[in-house]
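> Below: one structure in structure tokens.
None of the figures in this text is laboratory data; all of them are computed from the coordinates on show. All of these numbers come straight from a predicted model, not from anything done at the bench. Note: ideal-geometry Cβ built from the backbone for every residue, glycine included; neighbour counts use all protein chains shown.
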Amino acid sequence: MSRCVASKHIVITGASQGIGAATAVACGALGWRVVVNFARDRAAADAVVRAVAAAGGEALAVQADIGDEAQTRALFAQAEQAFGALDGFVANAGIVAPVGPFLAMDAARWRRMFDVNVVGLMTSTQEAARRMARSRGGAGGSIVLLSSAAARLGSPNMYVDYAASKGAVDTLALGLGRELCADGVRVNAVRPGIIETDIHADSGEPNRAAQMAPGLPIKRAGRPQEVAEAIVFLLSDAASYVTAAILDVTGGR
């Protein structure tokens with residue numbers, strides 16, 4: 001089945017590296033217009049903008065900390081001003097903390113984790129949905145939430161707080177996918193498994209993907225581009241009958 005490649009305007013949070021960057025480039029290859037959100041690394045975001053343009057799309061880098069409500073709302077205002085009505089949103093921004101046991105964690109860590117991975121994701125998702133909802137003058141659209149296989153595995157002795165935050169993302173996808181579809185907005189989630197990204201370094205285990213690869217059913221770690229393909233499918237018109245779904249991209253894990 002071929003994907004519809006009509007021009008779309010997509011906002012992707014946390015798009016300066018990893019899965020977000022790969023998704024931006026994949027959208028560019030379809031001729032779509034992409035807002036590349038980043039929190040700190042403008043040079044990396046600008047490189048993604050150039051890659052999107054080289055792939056055939058248009059892109060704009062916009063700084064915003066998704067853990068800050070005012071910055072999040074300003075992100076969407078800038079996106080709409082630059083590229084017009086919103087067609088799709090990828091809630092990719094998220095954080096992880098150093099690996100450790102639950103009993104050694106503190107509330108400050110949990111608050112930051114949930115402020116970004118849950119509250120920030122909900123705020124940005126709400127802003128996107130408000131702009132796309134037909135009842136509010138929008139033309140409908142698609143939202144893809146980035147979850148993690150950790151949501152169903154629990155990540156014991158590693159980062160159960162991160163896993164818990166992604167469990168909330170799964171539940172949100174199920175609820176919003178059913179709540180917003182009558183308003184023309186589809187909501188789905190993608191759960192990546194062990195993927196070759198910098199998030200492992202953020203958890204204190206930069207070699208985790210290589211170390212885990214032999215034990216995976218598919219015998220290798222995934223690539224950001226492979227997750228991006230799943231995300232782009234859910235954004236596209238080819239997924240017009242898909243909502244409230246959670247898609248594992250885990251190599252069988």
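> Tell me, V119, V190 in order of fewest to most beta-carbon neighbours within 10 Å?
Fewest-to-most ranking of V119, V190: V119, V190.
> Name all residues of segment 52-88 having a backbone nitrogen under 12 Å from the label point set 7 Å from the Cα of Q126 along its Cα→Cβ direction, giving them as ranges.
So the set is 69-70, 73.
> Got a sec? How would V36, V242 order by Cβ neighbour count within 10 Å, fewest to most?
Listing V36, V242 from fewest to most nearby Cβ atoms yields V242, V36.
> Can you work out D for segment 121-253 in µm² s⁻¹ from Stokes-Einstein, where Rh is the Kirkwood radius over C-alpha pairs, the temperature is 25 °C and the viscosity is 0.890 mPa s?
157 µm²/s
> Here's another thing I want to ask about it. Running Debye on segment 33-88 with equal point scatterers at the Cα sites and no solvent, what base-10 log of I(q)/I(0) appears at q = 0.23, 0.25 Å⁻¹?
Taking Cα atoms of segment 33-88 as identical point scatterers yields -0.90, -1.02.
> Compute the distribution of all C-alpha to C-alpha distances in segment 9-249, in bins of 5 Å from 0, and list the percent of pairs in each, rounded to whole numbers.
1, 7, 14, 20, 21, 17, 11, 6, 2, 0, 0
> I'm checking a number: the convex hull volume of the Cα atoms of segment 1-74, normalised per residue, in Å³. What is it?
About 87 Å³ per residue, rounded to a whole number.
> Right, something else. Which one of A93, A228, A53 has the biggest mean-square fluctuation once the chain is modelled by GNM with Cα springs under 10 Å?
A53
> When a footprinting reagent is the concern and you count Cβ atoms within 10 Å, what order do K166, K219 take, fewest first?
Starting with the residue having the fewest Cβ neighbours, the order is K219, K166.
> Could you check the simple spin-label distance between T171 and D68, using points 7 Å along Cα→Cβ, in nm with one decimal?
2.9 nm
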